[in-house]
Amino acid sequence: MSIANKNALPQVIALKSRIENITSKGYAFGHQDTTSYGIGWRNDAINYQSDVYSVAGDFPLVYGFDLGRIEHDNSLNLDGVPFDEMKMLIQKAHRDGGIITISWHADNPVSKGDSWDTTLAVKQLLDGGDYALIYKSWIKRIADFMLSLKDDEGELIPIAFRPLHEMNGFWFWWGNPNCSPEEFKALWRHTFNLLTKDFMASNLLFIYAPNMIGNAEEYLVNYPGDEYLDMLGLDLYQHGSAKEFKKDLKKNIEVLKQVANEKMLPFALTEVGLEKVEDTNWWTTVLDEILENSGISWVLLWRNHTTSHFYVPYPNQLSVADFIAFKNRSHVLFLNDVK
Ligand code: BMA
């Protein structure tokens, strides 16, 4: 078993093998910000909850969090989650046996706009660039947070980190029209080196995760090299019909699997969903129909923000019954399935 960071801790190696072994039983269910907030509630440090738990009586096996705005040393992330609370929720999820994955919707270091501010930036963040020192200080804050994530014995919690995601999309400043593939690769390697060498963040697995692609060649356009990552991801949302989505999902998983087999890496659907889930049987007839036996390690559904922006059911939502049926399938793994 090899890890890109040669100084990675044993628990990171264990995490990678755990991620690989999940596929012998099925795939894990994941949800972004699941214990931070949901529809009509926010974590209050008294009641530990999740819409997934309210609806299905079990927690996800994969817990997604996001570090956007930690780069400014803010106390809240871009979606209003306090970082000190996030740390506690990560510790709790880890204590319970969950897998933690973290993304980073980084602000634009040049314009100081958000991730979606596509002011050209990437070249200036590399060594010698006008914003290299600023970027380095931002990565230091990422490393400091990662290195503060410790379990009850004081050991570092292993994290599956998914920075600079959806780089083949036009919407983020690190996305393809806003930097060339070569610049992107340089930024990824630079970020990896800063985290693992300069700042010694030894508890990270690195996930490379483009958005929807058409073939393996496209998937690899921004691929920074085998020595710089540990796992492959892919983000894909349903924007049109179920029929179209199923076709795309099937095709994208085939490509992901093909690349993963060649590179001998585990793979996951790192963001998936149908906003508002207005399809009563979406879980069993759309999602799991394609994911069963697909070889993915997990599927992560995006966050439950408001009644017009959510991806998993909350009590009385129209897909609740089907979500429970989905959860009860033996190959769909929630937290209690691994206890
Ligand atoms: C997007 C939306 C945004 C959010 C961002 C980071 O997909 O949910 O509202 O700020 O993810 O979580």
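The values are calculated or read from the model by the stated rules, or taken from the named source; none is laboratory data. Computed from a predicted model, the values in this text were never measured in an experiment. Quick reminder, even Gly has a Cβ in these numbers, built from the backbone with ideal geometry, and neighbours come from all protein chains shown. The accessibility values were calculated without ligands, DNA or RNA, using every heavy atom of the protein model including side chains. Shrake-Rupley method; radii C 1.70, N 1.55, O 1.52, S 1.80 Å.
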| Would you call ARG141 modelled with pLDDT of 95 or more and more than 16 Å from the ligand (Cβ to nearest atom)? | yes
| query | Based on what the data block shows, is VAL299 under 28 Å from ASN21 (Cα atoms) and of a type in the set (A, V, I, L, M, F, W, C)? | reply | yes
| field | Hits in the range 197-215 - residues which are under 13 Å from VAL259 (Cα atoms) and surrounded by 14 or more Cβ atoms within 10 Å (Cβ to Cβ) | value | TYR208, ALA209, PRO210, ILE213
| request: Could you tell me whether the range 95-113 includes any residue that is out of contact with any Lys or Arg (no Cβ under 8 Å at 6 or more places or on another chain), within 16 Å of the ligand (Cβ to nearest atom), small (Gly, Ala, Ser) and in a loop (DSSP other than H, G, I, E, B)? | output: yes
| field | Where VAL12 falls short, out of the listed (1) open to solvent by 10 Å² or more (accessible area, probe 1.4 Å); (2) aliphatic (A, V, I, L, M); (3) touching a strand residue (DSSP E or B) at 6+ places or on another chain (Cβ under 8 Å) | value | (1)
| Pairs, please: C-beta under 7 Å, at least 6 apart or cross-chain, first residue at positive phi and in the range 85-112, second outside any strand (DSSP E or B)? | GLY97/LEU335; GLY97/VAL338; GLY97/LYS339
| Which members of the range 280-320 meet the condition of being within 16 Å of the ligand (Cβ to nearest atom), under 30 Å from ALA260 (Cβ atoms) and either open to solvent by 20 Å² or more (accessible area, probe 1.4 Å) or hydroxyl-bearing (Ser, Thr, Tyr) (or both)? | TRP302, ARG303, TYR311
| Out of curiosity, is ASP33 open to solvent by less than 10 Å² (accessible area, probe 1.4 Å), out of contact with any Cys (no Cβ under 8 Å at 6 or more places or on another chain) and at positive phi? | yes
| Check on LEU120, surrounded by fewer than 23 Cβ atoms within 10 Å (Cβ to Cβ), aliphatic (A, V, I, L, M) and within 14 Å of the ligand (Cβ to nearest atom) | no
